[in-house]
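Heads up, the thing below is written out as structure tokens.
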Amino acid sequence: MAASLSAPLVEMRGVSKSFPGVRANDCVSLSLGPGEVLALLGENGAGKSTLMNILCGLYRPDSGEILVRGSKERIEGPADAQRLGIGMVHQNFKLVDSMTVLENIILGMKEGFVPNMARIEKEVLALAEKYNLKVEPRESIWQLSVGEQQRVEILKLLYRKAEILILDEPTAVLTPQESYELSKVVRNLKSEGKSAIFITHKMEEVMLFCDRVMVLRKGAVAAETRTADTSPRDLARLMVGREVLFELDKKPFAPGATILRLDKVSALDDRGLPALKEFSLELHGGEILGFAGVAGNGQRELAEVITGLRDLSSGRIILGGKDMSRASPLAFIKAGVAHIPQDRTSVGAVGDMSVASNLAMKKYRKRPLSAGILLLPRRVTAMAKRLIESFRIMTPGPETRVKFLSGGNIQKTILAREIGACQKLLVAVYPSRGLDIGATEFVRRQLVAQRDDGRGVLFVSEDIDELIQVADRIAVMFEGRIMAIIPAREAEPEKLGLLMAGVGGDR
Ligand SMILES: Nc1ncnc2c1ncn2[C@@H]1O[C@H](COP(=O)(O)OP(=O)(O)OP(=O)(O)O)[C@@H](O)[C@H]1O
Ligand SMILES: [Mg+2]
């Protein structure tokens, strides 16, 4: 190869890509050196995933060129990218659920007619050990947590000898602890001379382990700088194009009547193990009850039992004075409960339906969208346009199918639908995951607006600062129980951190 030593490992020059109604990348140039970690930032819909999909061969650019190790390359498919040592972990993982870890890792590779699984397993385990990516090679993907699935995705790239790793919002679905572990993995890769492009909405991560930052705005490069020469505040401004205020206006806390009561509720998780253990709580109108805790301590199951998606093994749920312990999900919706679920790619939105239909999903049975059994399409469109505007959903129009939206804009569609449909109680599980800074700020304000209108909000988050800012009371969950409930005004991050680890508390 005729690569000169000074040449960057990867160079994209003047790359443009349009989709119907959007210019996703507008003459973007980017370079990545060996052993370098480049952060790629930008608002939801700015064109980050598109640009990286071009680099890994999933999309073909309309114009522009790509150089790898100094020579011009045509990357026509993932196989070309792999040959060049480029690999990507996508925003929504692409593993096959029913297959094992090992089968996924070698999927599509030429491993001979009968692959030598024993040898492959040994190699995978050696890689896992070397990079501290713990996995069970013989488990099936559906048995794994998202954090584990991500480790499989990374191992898959390393097994294919990727030198340039593209990670598209890897930390959006991780717990803070897992994110920290991932940062160590990236550092480790870097120390071996491998390079990475890291997409994130979290400024701390950029500052912590990225060498350079590139900011995209509306498909074009808005800034490029060394991390050492910038600050989180500067980056936020560059992304959004205005000063970002990190404050939140709230009316004083004035709780109303009890909306939701849980009386010694117990429930099992998907594997049949106890997830909630005699769990009791009371939530008032006009209150945001925050739930802190490391993911996997019953938060998901809590949200599911109070929306009718999971059966109780014992205990009672009283909603607005009515016993809902055995009620169906539809009964909860009719009772005015809205739910922003944890897993938004599989249960939150229907990709093949339009943005408008997705937005109307919870309201189409009622006036004003329908009269009797008749759906009124013009009213559906009008409502959709209103929500698209107020939630700033980036879409060519209400008729666009949801699967063509960027990751964050799919999230916003679900948020708009649920918040728009909330009448009594909003159950919001990690609502700001995958959202950019501006949208996160907007969602927090929406939660507060629900509360100021007298509704109850149950808000699960792993971000302690966010909980202290948004919630009125904070409950800390540990192993299916509440460790303590603290007024947010009196909450201290250190104390919450200890409670989350199961230390201290009322029981
Ligand atoms: N396959 C596609 N068909 C049509 N439009 C698309 C397609 N992929 C992306 N787009 C559009 O291109 C624009 C950029 O999307 P992209 O997914 O690159 O954004 P992003 O920066 O990754 O955002 P996010 O932070 O929300 O993930 C968006 O307007 C999106 O709707
Ligand atoms: Mg994206």
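Legend: distances between Cα atoms for Lys218/Lys251; Lys130/Lys403; Lys251/Lys495; Lys251/Lys277; Lys362/Lys495; pairs beyond 31 Å are Lys218/Lys251; Lys130/Lys403; Lys251/Lys277; Lys362/Lys495. FRET efficiency for the Arg23 to Arg119 pair, using the beta carbon distance and R₀ = 56 Å, is estimated at 0.70.
Within segment 10-240, antiparallel bridges make up roughly 55 percent of the DSSP beta bridges whose residues both belong there.
Across all directions, the average projected area of the convex hull around the alpha carbons of the chain is 25.4 nm². A helix-only calculation puts the chain at -9500 deg cm²/dmol for mean residue ellipticity at 222 nm, using -39500 (n - 2.57) for each DSSP H run of at least four residues, averaged over all residues.
Quote the FRET efficiency, to the nearest 0.05, computed for Lys72 versus Glu479 with a Förster distance R0 of 56 Å and r equal to the Cβ-Cβ distance. Once rounded, the FRET efficiency stands at 0.50.
In order along segment 388-400, the phi-based Karplus estimate (6.51 cos²θ - 1.76 cosθ + 1.60, θ = phi - 60°) of 3J(HN,Hα) comes to 4, 6, 6, 8, 6, 7, 7, 8, x, x, x, 8, 4 Hz; Gly and Pro are listed as x. Restricting attention to the chain, close to 55% of DSSP beta bridges with both partner residues there are antiparallel. For the pair Ala79 and Asn92, the difference between a 0.36 nm per residue extended length and the Cα-Cα distance amounts to 2.7 nm. Pick out, in residue order, every one of the chymotrypsin sites (Phe, Trp or Tyr not before Pro) in segment 241-349 that is DSSP loop and has at most 13 other C-beta atoms within 10 Å; say none if there are none. Here the sparse-neighbourhood loop sites are Phe246.
Straight-line reach from Lys194: taking Cα to Cα under 16 Å and skipping same-chain neighbours fewer than 8 places apart, the aspartates and glutamates in range are Glu11, Glu36, Glu163, Asp211. Evaluated with a Cβ-only charge set (Lys, Arg +1; Asp, Glu -1), segment 10-240 carries a dipole of roughly 400 debye about its Cα centre, given to the nearest 20.
Positive-end ranking of Ala421, Gln411, Leu458 along the dipole of segment 407-471, with charges on Cβ about the Cα centre, is headed by Ala421. Give the calculated FRET efficiency between Leu498 and Phe253 to the nearest 0.05, with a Förster radius of 22 Å applied to their Cβ-Cβ distance. It comes to 0.35. When a/c is below 1.5 the answer is rounded, else prolate if a/b is larger than b/c, else oblate, so apply that to segment 1-105 with a ≥ b ≥ c taken from the square roots of the Cα gyration tensor eigenvalues. Because a/c hits 1.5 or more and a/b fails to exceed b/c, segment 1-105 counts as oblate. The share of Cα pairs per 10 Å bin across segment 10-240, counted from zero up to the longest distance, runs 8, 32, 36, 19, 4, 0 percent. Sparse packing (at most 15 other Cβ atoms within 10 Å of the Cβ) combined with a DSSP loop state is found for the following chymotrypsin sites (Phe, Trp or Tyr not before Pro) in segment 54-131: Phe113.
Every number here is computed from the coordinates shown, using simple stated rules; none is lab data. On a predicted model such as this, the values are computed, not experimentally measured, just so you know. When we count neighbours, we look across all protein chains shown, and the Cβ atoms used for this are built from the backbone with ideal geometry, even at glycine.
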